[in-house]
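Comments concern the structure below.
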Amino acid sequence: MKLNELSDNPGATKKRMRVGRGPGSGKGKTAGRGIKGQKSRSGVAINGYEGGQMPLYQRLPKRGFNVPNPKRYAVVNLGLIQKFIDAGKLGEEITETELVDSGLVRRRRDGIRVLGKGEITSKISLTVTGASRSAVEAVEKAGGSLTVTSAPAAE
């Protein structure tokens, strides 16, 4: 097989319809837009507009609440921490700064939260801002300790 013999499977690619290119093309003259009216013109934005009637999204009651300044945590799984320990990038005592320095977490954000996905076999001492119950249990089962601080450690 040579480079000039390469081709897509039949039916894998389809040519783009070129509109407004004469009556023989099947999409000439009005280019599939119909005749006259707002939608036949360019620069139309009428999503949600109902011809002056109160739109549906305004007729329905407001629901829910968005927290103004939510805490956003960097998330780490136990399996990844174990992987980094096996690779020699992390030691026995692990803090948030060490997690960032090792490259496991890109940035701390409002703190680092440890989740219990994956296996942890090393006896470690973890100090982080947050942790799931399963993560705490898994670390203690492996003989280590997981300390949760109330606020992120200052640099």
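The values are calculated or read from the model by the stated rules, or taken from the named source; none is laboratory data. Note that the structure is a prediction, hence the values are computed from the model and not measured. In this analysis, Cβ positions are derived from the backbone assuming ideal geometry, glycine residues included, and neighbour counts consider all displayed protein chains.
Can you find a residue in the stretch 56-68 that is at positive phi and surrounded by 15 or more Cβ atoms within 10 Å (Cβ to Cβ)? Even if it seems obvious, please write down each step before you answer.
Step one: list which residues in the stretch 56-68 are at positive phi, which gives 64.
Remaining after also requiring surrounded by 15 or more Cβ atoms within 10 Å (Cβ to Cβ): none.
Checking the stretch 56-68: not a single residue is at positive phi and surrounded by 15 or more Cβ atoms within 10 Å (Cβ to Cβ).
Summed over the stretch 1-46, residues that are surrounded by 10 or more Cβ atoms within 10 Å (Cβ to Cβ) and part of a loop (DSSP other than H, G, I, E, B) total 15.
Out of all the residues in the stretch 143-153, which are crowded, with 16+ Cβ neighbours inside 10 Å and either in contact with a Gly (Cβ under 9 Å, 6 or more places away or on another chain) or in a loop (DSSP other than H, G, I, E, B) (or both)? Explain how you work it out, then say what you get.
Within the stretch 143-153, the first condition is being crowded, with 16+ Cβ neighbours inside 10 Å, and the residues that meet it are 144, 146, 152.
Answer for the stretch 143-153, where residues must be crowded, with 16+ Cβ neighbours inside 10 Å and either in contact with a Gly (Cβ under 9 Å, 6 or more places away or on another chain) or in a loop (DSSP other than H, G, I, E, B) (or both): G144, P152.
With respect to (1) in contact with a strand residue (DSSP E or B) (Cβ under 7 Å, 6 or more places away or on another chain); (2) crowded, with 16+ Cβ neighbours inside 10 Å; (3) at pLDDT 90 or above; (4) of a type in the set (D, E, K, R), the lone exception for R72 is condition (2).
Among the residues of the stretch 55-97, which ones are assigned to a helix (DSSP H, G or I) and either closer than 17 Å to L115 by Cα or touching a Pro at 6+ places or on another chain (Cβ under 9 Å) (or both)?
Filtering the stretch 55-97 for residues assigned to a helix (DSSP H, G or I) gives 56-59, 78-86, 96-97.
Answer for the stretch 55-97, where residues must be assigned to a helix (DSSP H, G or I) and either closer than 17 Å to L115 by Cα or touching a Pro at 6+ places or on another chain (Cβ under 9 Å) (or both): L78, G79, L80, I81, Q82, K83, F84, I85, E96.
For the stretch 104-137, filtering for residues that are outside any loop (DSSP other than H, G, I, E, B) and within 27 Å of the chain's Cα centre (by Cα) leaves 14.
Would you point out which residue out of I94, I112 is touching a Phe, Trp or Tyr at 6+ places or on another chain (Cβ under 8 Å), over 30 Å from Y49 (Cα atoms) and of a type outside the set (G, A, S)? Residue meeting the stated conditions: I112.
Please indicate, with yes or no, whether at least one residue in the stretch 67-82 is hydroxyl-bearing (S, T, Y), touching a residue at least 12 places away in the same chain (Cβ under 8 Å) and in contact with a Ser or Thr (Cβ under 8 Å, 6 or more places away or on another chain). Yes, because at least one residue in the stretch 67-82 is hydroxyl-bearing (S, T, Y), touching a residue at least 12 places away in the same chain (Cβ under 8 Å) and in contact with a Ser or Thr (Cβ under 8 Å, 6 or more places away or on another chain).
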